[in-house]
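The block underneath contains the structure these notes are about, expressed in C-alpha cells.
The values are calculated or read from the model by the stated rules, or taken from the named source; none is laboratory data. Computed from a predicted structure; not experimentally measured. Reconstructed Cβ throughout: ideal geometry from the backbone, glycine too, with neighbour counts over all protein chains shown. Surface areas here come from the heavy atoms of the whole protein model, side chains and all, with no ligands, DNA or RNA. Shrake-Rupley method; radii C 1.70, N 1.55, O 1.52, S 1.80 Å.
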Amino acid sequence: MQLRNEKMKQSNSAETQLKQNAQESLIDVYFSADVETDGPIPGPFSMLSFALVYAGRFDGVRFERARDFDEAIYRELKPISDEYQEEALQVNGLDRDRLCREGESPITVMTDTSKWVNAIAGEGRPVLVAYPLSFDWTWLYWYFVRYSSLGSPFSHSRCFDLKTAFAVKADIPIAQAGRKELLPILRSIRRHTHHALDDAKEQAEIFANIFEWEGVHGRYPGGAAGR
C-alpha cells in the first residue's frame with residue numbers, strides 16, 4: 001500500500017510539473033490544412049490550390065476552439081511542371097489550363113501565407129492539422145521550404161495527425177481510423193466537397209471535436225458516456 005501511494009504521489013507530481021512547464025511555454029495555435037493537386041508528389045507534380053483555417057489553440061491546460069472557422073486563407077497556384085494526372089483533376093474539378101494562365105506565383109503565395117500564419121499565431125507556435133496529415137504536410141512543407149522567403153511557419157515538425165488522434169482516443173488500429181469510421185458526434189456539419197476551403201473548414205470542426213473528446217474510456221462531449 002505504501003509503495004502504491006508513493007507511485008501515485010510521483011505520478012501526480014510529474015503531471016503537475018508537466019502542466020507548469022506547459023503554462024510557461026508558448027501556446028500551440030492550430031491550422032487545418034487541405035490541398036488539391038494534380039498528382040501524388042510535389043516537384044514532378046503541382047499543388048493547384050490549398051486552404052488553411054484557424055482551428056483553435058491549446059496552452060497545455062485549456063483548449064479553445066475557433067469561434068466559426070471563418071478565419072482562413074485560400075489560394076490557387078500556377079502549376080510548376082508540365083506533368084499531371086487526369087484522375088487527380090477529375091477529383092478536385094480544377095481547371096489546370098486556367099491556372100497555367102491565371103494562377104498565382106508560388107513564391108508570392110507561399111511567402112504571403114507564411115506571413116498570414118505567423119500573424120494569426122502571434123507569439124504562439126503554429127501547428128498544421130490534417131486528416132490524414134501525411135499528404136497535406138508533404139505538399140505544404142515542400143512548397144514552403146522551396147518558395148517562401150520566410151520558410152515554413154510550422155518549422156520542420158509542428159503538426160497534428162487527426163487520424164492518429166482518433167485511433168488513440170477510440171482505442172482502434174490506424175487501419176480502422178478513416179473518416180468513414182468517425183463517430184457521429186465527432187463529424188462536421190459541413191459537406192466534403194474537394195474544394196480546399198470547404199474541406200479545411202470541415203476538418204477544423206472535426207479537429208476541435210476530437211480534441212475536446214475524452215475518448216472511449218472517458219466521456220463524450222455533452223455528457224454521454226463512452227463505452
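Per residue, region 68-157 exposes 51 Å² of solvent-accessible protein surface, assessed with a 1.4 angstrom probe and all protein chains in place.
The overall shape of region 85-194 is oblate: from the C-alpha gyration tensor, with semi-axes ordered a ≥ b ≥ c, the ratio a/c is 1.5 or greater and a/b is no larger than b/c.
Per-residue Karplus couplings for region 185-191, computed as 6.51 cos²θ - 1.76 cosθ + 1.60 with θ equal to phi - 60°, are listed in order as 6, 9, 6, 8, 7, 8, 7 Hz, Gly and Pro entered as x. Dipole size of region 106-227 about its Cα centre, with +1 on Lys/Arg Cβ and -1 on Asp/Glu Cβ: approximately 120 debye, rounded to the nearest 20. Solvent exposure of Y143, expressed as accessible area, is near 0 Å², computed with a probe of 1.4 Å over the protein chains only. Here the Karplus relation 6.51 cos²θ - 1.76 cosθ + 1.60, evaluated at θ = phi - 60°, turns the backbone of region 63-77 into coupling constants of 9, 10, 6, 4, 5, 9, 6, 9, 7, 8, 10, 10, 9, 10, 10 Hz, with x for every Gly and Pro. For A55, nonlocal amide neighbours, meaning residues 5 or more places apart or on other chains whose placed amide H falls under 5 Å from its own, are Y30, F31, S32.
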